[in-house]
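Here's the structure we're looking at; comments come further down.
The values are calculated or read from the model by the stated rules, or taken from the named source; none is laboratory data. Given the structure is predicted, the values throughout are model-derived calculations rather than measurements. In this analysis, Cβ positions are derived from the backbone assuming ideal geometry, glycine residues included, and neighbour counts consider all displayed protein chains.
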Amino acid sequence: MKRVQSIDLVRGFCIFLMVAGHMLDWWIIPSNRLMIWVLFSFLAPIAATGFLFISGFSAALAYKDRI
């Protein structure tokens, strides 16, 4: 199967957002937490939903190529 670079890029961006969101408590200083939490409260649903959508889409493309 030929890899689609845009799918890999979006999947990687979603993974980066999920990892960064889970690590917020460890590496953000307390004075900057509010600004970052507001930003990630909007991006977190996009990251999780986007990752599942893109993974399902690429699985469907892989299945279609094998048939």
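Quick look at the values:
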{"read-out": "The range 17-50, residues that are without any contact (Cβ under 8 Å) to a residue 12 or more places away in the chain and under 30 Å from Leu61 (Cβ atoms)", "value": "Val19, His22, Phe42, Pro45, Thr49"}
{"read-out": "Any hit, the range 14-31, residues being surrounded by fewer than 11 Cβ atoms within 10 Å (Cβ to Cβ), modelled with pLDDT under 80, out of contact with any strand residue (DSSP E or B) (no Cβ under 9 Å at 6 or more places or on another chain) and among the hydroxyl-bearing types (Ser, Thr, Tyr)", "value": "yes"}
{"read-out": "Criterion: part of a helix (DSSP H, G or I), at pLDDT 90 or above and out of contact with any Pro (no Cβ under 9 Å at 6 or more places or on another chain) - qualifying residue of Phe57, Phe51", "value": "Phe51"}
